[in-house]
1. Report the residue count in segment 253-274 for those that are among the hydrophobic types (A, V, I, L, M, F, W, C) and free of Cβ contacts under 8 Å to residues at least 12 places away in the same chain.
2. Would it be correct to say that PRO169 is in contact with a Pro (Cβ under 8 Å, 6 or more places away or on another chain), outside any helix (DSSP H, G or I) and modelled with pLDDT of 95 or more?
3. Among residues belonging to segment 180-194 that are over 16 Å from the mean Cα position of the chain (by Cα) and under 12 Å from THR296 (Cα atoms), point out the one that is surrounded by the fewest Cβ atoms within 10 Å (Cβ to Cβ).
4. Looking only at segment 209-228, decide whether some residue is part of a strand (DSSP E or B) and either closer than 23 Å to PHE282 by Cβ or of a type in the set (Lys, Arg) (or both).
5. Which of the following residues is in contact (Cβ under 8 Å) with a residue 40 or more places away in the chain and assigned to a loop (DSSP other than H, G, I, E, B): PRO86, PRO109?
6. Of all residues in segment 137-157 being among the aliphatic types (A, V, I, L, M) and within 9 Å of ligand 2 (Cβ to nearest atom), which is surrounded by the most Cβ atoms within 10 Å (Cβ to Cβ)?
7. Among the candidates SER77, SER56, SER90, single out the residue that is closer than 30 Å to GLU15 by Cα, among the hydroxyl-bearing types (Ser, Thr, Tyr) and either exposed (fewer than 15 other Cβ atoms within 10 Å of the Cβ) or over 16 Å from the mean Cα position of the chain (by Cα) (or both).
8. From the list ASN315, ASN285, which one is touching a residue at least 40 places away in the same chain (Cβ under 8 Å), polar (S, T, N, Q) and away from ligand 2 (no atom under 16 Å from the Cβ)?
Amino acid sequence: MESVSETPRPETRGEFDLTLSDREHHEFRLLAEELAASAPTVIDDPKWVATARELSAGLPLRIRQTVHAYRHDPGESGTLVLRNLPVDESTLPPTPTVPESVEREATVPAAIAALITSQIGEMAAYRDEKSGALVQNVVPVPGREGSQSNAGSTPLELHVENAFHPHRPDFVGLLCLRSDHTNAAGTPVSSIRHTLRRLAPGVRDVLFQERFTTTPPPSFHAGDAAAAHAVLTGDADDPNVKVDFHATTAVDPEAARALDRLREAFIEAATTLVLRSGEMAFVDNRIAIHGRTAFTPRYDGRDRWLHRTFALLDNRRTRGSRPGNGSVLA
Ligand SMILES: O=C(O)CCC(=O)C(=O)O
Ligand SMILES: [Fe+2]
């Protein structure tokens, strides 16, 4: 283990982990059903998004309190997990198998994801990814098993979501509708708050310098390698992180060694969330990175199925990238 130069942070994993009571589950279900039935019942319609925002103020108090505390400071792990959400697995259609699958019609699970995401921040999507849909399906796709995308089923490298984008999401939400057949698929999550103290000062210094470039992921259909950037930014002892271990490259050998060391440290500090139906995880995309473990899809309609959402915290900050003041970033 390398030197520790600051006071170690206490290990407080799982600080934002809330299981709904049966009463909260029931109240949430009524709200999600109301949103799912709200005109125009089309998720990406600004009117429906506005209704999601309004109704989200009526979520059970404990959920709103937990979400706001997490948003204020995401804790050491940068993750929030909500359990016992009103997803009824028995009423779900078969898991989609098509590439670029998204939800368009409002459903109860999509409404659940939208309600929580609307309390975290501004729901958003990216024009060049999954056709700009606000609720996306994370499902295994035949023929894409080995792809470094959420359509794959081989291990997905740890990454910050859309690390290359000037307005990467502040939070990524993953609601589990169905887990995989053997509960093998997990979402490893690792936070720079856990990782930083594992790095020698010299390695940290290099990571704070603009000696790295990041290309867009395959789910994006546009974009080139951006200008050189730093992997760590902000406070020396509590930085933000921007790295995708599949897409980020160092521009010189010393930076490459620092990047390798960072990857090792993230892996050492990672915890793996194995989401079950009715559980939703959020990852703070400024301080934490995530990936996916391998699993074996069967393409029998019962494969793993997550809804993914993104939240950004400041609509004015992103205004120049949101044509028409909508939810989709260019
Ligand atoms: O499948 C997962 O658990 C996460 C996949 C992923 O990285 C994503 O959808 O952003
Ligand atoms: Fe991801």
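The values are calculated or read from the model by the stated rules, or taken from the named source; none is laboratory data. Small disclaimer: the values here were computed from a predicted structure and weren't measured. All Cβ positions, even for glycine, are placed from backbone atoms using ideal geometry, and neighbour counts span all protein chains on display.
1. 1
2. Considered against the rule, which asks whether it is in contact with a Pro (Cβ under 8 Å, 6 or more places away or on another chain), outside any helix (DSSP H, G or I) and modelled with pLDDT of 95 or more, PRO169 comes out as no.
3. Selected residue: THR182.
4. So the first thing to find is which residues in segment 209-228 are part of a strand (DSSP E or B), and the list is 212-214, 220.
Next, from what is left, pick out any that are either closer than 23 Å to PHE282 by Cβ or of a type in the set (Lys, Arg) (or both): 214, 220.
So far as segment 209-228 goes, yes, one or more of its residues are part of a strand (DSSP E or B) and either closer than 23 Å to PHE282 by Cβ or of a type in the set (Lys, Arg) (or both).
5. PRO86
6. As a first pass, look at segment 137-157 and keep what is among the aliphatic types (A, V, I, L, M): 138-139, 141, 151, 156.
If we keep only those that are within 9 Å of ligand 2 (Cβ to nearest atom) too, we end up with 138, 156.
Numbers: VAL138: 21, LEU156: 23.
Looking at the filtered set, the residue picked out is LEU156.
7. SER56
8. Just one listed residue meets the conditions, ASN315.
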